Amino acid sequence: MTEDERWMAAALALAQRGAEVGEVPVGAILVSSGEPIAEAYNSPIQLHDATAHAEILALRRGGDRLQNYRLLGCTLYVTLEPCAMCAAALVQARIARLVFGAPDPRVGAAGSAFDLAREPRFNHQITVVGGVLAAECEWVLREFFRARR
């Protein structure tokens, strides 16, 4: 198992925790120098906050931990390709690398529907690796929505 797969497996465990409390199962882990510094799962229902996506919560917690809104050199692992809100936040946080599992062809903003993570007009671009444990990440989402129907 590669390092990216190991961290994605941990993000998948977070996504499962979110599913257990009724949230759309997306998990995120922020890693700096090989160490996890923040983690989160989607929580907009629990927190009554439309911005409480896993990525945003991980950025907030990582900023608190590092005492800096710029998360230079960090990698974010997330089970679903970020939306436009999250991708723009990752750019603002100066994340070095984004690794995602399942692509989101409808609204993904890291190369599928849009590519805000690598938008050349922004003052920062993110290195993006997609499709890590994609089948497992897609399965968790598919099963969550299947069970709700």
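Computed over protein heavy atoms with a 1.4 Å probe, the carbon and sulfur contribution to the accessible area of the chain reaches 53%.
The residues of the chain have, on average, 50 Å² of accessible surface per residue, using a 1.4 Å probe with all protein chains present. Just checking the listed ones, Tyr77, Tyr41, Tyr69: in the Gaussian network model of the chain with Cα springs under 10 Å, the one fluctuating most is Tyr69.
Helix 134-148 and the long axis of the chain differ in direction by around 50°, with both axes built from C-alpha atoms. Tell me, rounded to the nearest percent, the portion of alpha carbon pairs in segment 59-101 spaced more than 13 Å apart. Every Cα pair in segment 59-101 considered, those over 13 Å come to 51 percent. Dipole magnitude for segment 1-141: computed about the Cα centre from +1 point charges on Lys and Arg Cβ and -1 point charges on Asp and Glu Cβ, it is near 480 debye. At q = 0.18, 0.25 Å⁻¹, work out log10 I(q)/I(0) for segment 71-144 with the Debye formula, treating every Cα as an identical point scatterer and leaving solvent out; two decimals please. With no solvent term, the Cα-only Debye profile gives -0.62, -1.08. Of Glu5, Glu39, Glu81, the residue with the largest accessible area leads and the full order is Glu39, Glu5, Glu81 (1.4 Å probe). When the Cα gyration tensor is reduced to axis lengths a ≥ b ≥ c, the ratio a/c stays below 1.5 for the chain, which is therefore classed as rounded.
With the helix formula -39500 (n - 2.57) applied to DSSP H stretches of n ≥ 4, the chain reaches a computed 222 nm mean residue ellipticity of -12000 deg cm²/dmol.
The values are calculated or read from the model by the stated rules, or taken from the named source; none is laboratory data. Given the structure is predicted, the values throughout are model-derived calculations rather than measurements. Positions of Cβ are backbone-derived with ideal geometry, glycine not excepted, and every protein chain shown enters the neighbour counts. Ligands, DNA and RNA are stripped out before the accessible areas are found, and what is left, the full protein with its side chains, is counted by its heavy atoms. Shrake-Rupley method; radii C 1.70, N 1.55, O 1.52, S 1.80 Å.
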